[in-house]
1. Considering only region 108-126, I want to know if a residue exists there that is part of a helix (DSSP H, G or I) and at pLDDT 85 or above.
2. With the condition kept exactly as written, say whether any residue in region 3-12 is basic (K, R) and modelled with pLDDT of 95 or more.
3. If I ask for residues that are touching a Gly at 6+ places or on another chain (Cβ under 8 Å), buried (at least 24 other Cβ atoms within 10 Å of the Cβ) and of a type in the set (G, A, S), which ones from region 124-140 would you list?
4. Determine the pairs where a residue that is at positive phi, located within region 16-42, has a partner that is in a loop (DSSP other than H, G, I, E, B) and charged (D, E, K, R) with Cβ atoms under 9 Å apart, the partner being 6 or more residues away or on another chain.
5. Restricting the search to region 158-213, which residues are surrounded by 13 or more Cβ atoms within 10 Å (Cβ to Cβ), modelled with pLDDT under 60 and over 20 Å from Y123 (Cα atoms)?
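The values are calculated or read from the model by the stated rules, or taken from the named source; none is laboratory data. Every value quoted in this text rests on a predicted model; they were computed, and no experiment measured them. Methodologically, a virtual Cβ is constructed for each residue, glycine included, from the backbone with ideal geometry; neighbour enumeration extends over all protein chains shown.
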Amino acid sequence: MVYGSNRNWISNMKILLTNDDGIHAPGLFALHETLKSDHDLHIVAPEAEMSAVGHAPENSNRGLVDPIRVKTVQKNGCFFGYAVSGTPADCVKIAVQELLDPPPDIILSGINWGNNVGVNILYSGTVSAATEGAFLGIPSAAISLGIQKKPGFAFAARFSRNVIRFLAEGDLKDGIALNVNMDLSPFAGINPCGYSGLRVTQLSQFGLEVDPVDLGAPLVNQFCRIMGLSSSPERAREKFTAQHHGASGS
């Protein structure tokens, strides 16, 4: 572990990168491109999008009928990482226990498009990858970017250096993962250049709402949509972005 000259970042860490949006997702690629010159990066990610799968293992119900498959992926003619036909939790377990020897120093999951806050973290594949890493005894963090329009992940990728430093300094207790959210939405009122660090915040209990679509038939024959974040008052009390100090909430 080597600190940069201004102690703002750490280099020479063995880092596993994963996500729930799939190995070709722009958020994962942004992390790779930003960190590759400073760290030994290893990518093991789902071959397709696995958002909102929670902590489910892919083989839990299928047994060995359709086992998880791992294949190599190239970008621009060079090896990029491993694509796994399983969930984000599967990716972390396979990476740590089968593909990487010795195991990684740190696990980063993301960058996810959209915040993971409230009870929705229980559904999040991004967060589940980080918690799987924590279960395995590896400092881990999920990184999400809260923005409504097509995101630019460059800032969040640069900010991940602060997350790496926090994890590397060993401030987390065993078995605890970080869930880091950076809210760059216009309503947040935050200048990205003003972010100064990480703040641990309280998790609220708001989540998704079920919105039945009335087709003039019993509910069992209707469609239901799982909508966005509820309007619970708890939402206002969860400071997933620390606006006063420009810190990212976790």
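1. Yes; the residues of region 108-126 include at least one that is part of a helix (DSSP H, G or I) and at pLDDT 85 or above.
2. Scanning region 3-12 turns up no residue that is basic (K, R) and modelled with pLDDT of 95 or more.
3. S124, G125, S128, S140, listed by residue number.
4. G22/E47; G22/E49
5. Result: S185, A188, I190, P192, Y195, G197.
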